[in-house]
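In what follows, a structure is listed as structure tokens, so that the remarks can point back to it.
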Amino acid sequence: MVNVYVSASNLNKRGGGESDWYGILNVDPLADYVTVKKQYKKPALLLHPDKNKFNGAKEAFNLVFDAWSLLSDHSKRAAYDEQRKYKEQQQK
């Protein structure tokens, strides 16, 4: 069986080994709150530890929850976006 957590964490890393919170929820950085919430609910329901007993599901759920926690909070999201812009400029 595929380890969900390893797959999610490996596929959604940006340069520097940091998590790509937008990639984890599969949303565009310009997505509105409603879109982010909808994209959070789908994997959260599938990966919730009470419903999914596969290896890595709990960790994957935590990763999705962390993405939601950051992207649903306006001030945290703004700070994350600034950090992304800065790192992108540094890589050029």
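For segment 1-22, a residue qualifies if it is in contact with a helix residue (DSSP H, G or I) (Cβ under 6 Å, 6 or more places away or on another chain) and at pLDDT 85 or above, and exactly one does: Trp21. Within segment 23-36, the set of residues being part of a helix (DSSP H, G or I), modelled with pLDDT of 95 or more and surrounded by 16 or more Cβ atoms within 10 Å (Cβ to Cβ) comprises Val36 only. Once segment 55-64 is narrowed to residues that are of a type outside the set (A, V, I, L, M) and surrounded by 15 or more Cβ atoms within 10 Å (Cβ to Cβ), the residue that is farthest from Ala31 (Cα to Cα) is Gly56.
Yes/no matrix, rows are residues, columns are (1) assigned to a helix (DSSP H, G or I); (2) among the polar types (S, T, N, Q):
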{"residue": "Pro43", "(1), (2)": "yes, no"}
{"residue": "Pro49", "(1), (2)": "no, no"}
{"residue": "Lys58", "(1), (2)": "yes, no"}
{"residue": "Val64", "(1), (2)": "yes, no"}
{"residue": "Trp68", "(1), (2)": "yes, no"}
{"residue": "Arg77", "(1), (2)": "yes, no"}
{"residue": "Gln83", "(1), (2)": "yes, yes"}
{"residue": "Tyr86", "(1), (2)": "yes, no"}
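Selection of segment 65-92 for residues being surrounded by 12 or more Cβ atoms within 10 Å (Cβ to Cβ) and either at pLDDT below 95 or of a type in the set (Lys, Arg) (or both) yields Lys76, Arg77, Arg84, Lys87.
The values are calculated or read from the model by the stated rules, or taken from the named source; none is laboratory data. Because the structure is a prediction, the values reported are computed rather than measured. Because the Cβ atoms are built from the backbone with ideal geometry, glycine has one as well, and the counts that use them run over all protein chains shown.
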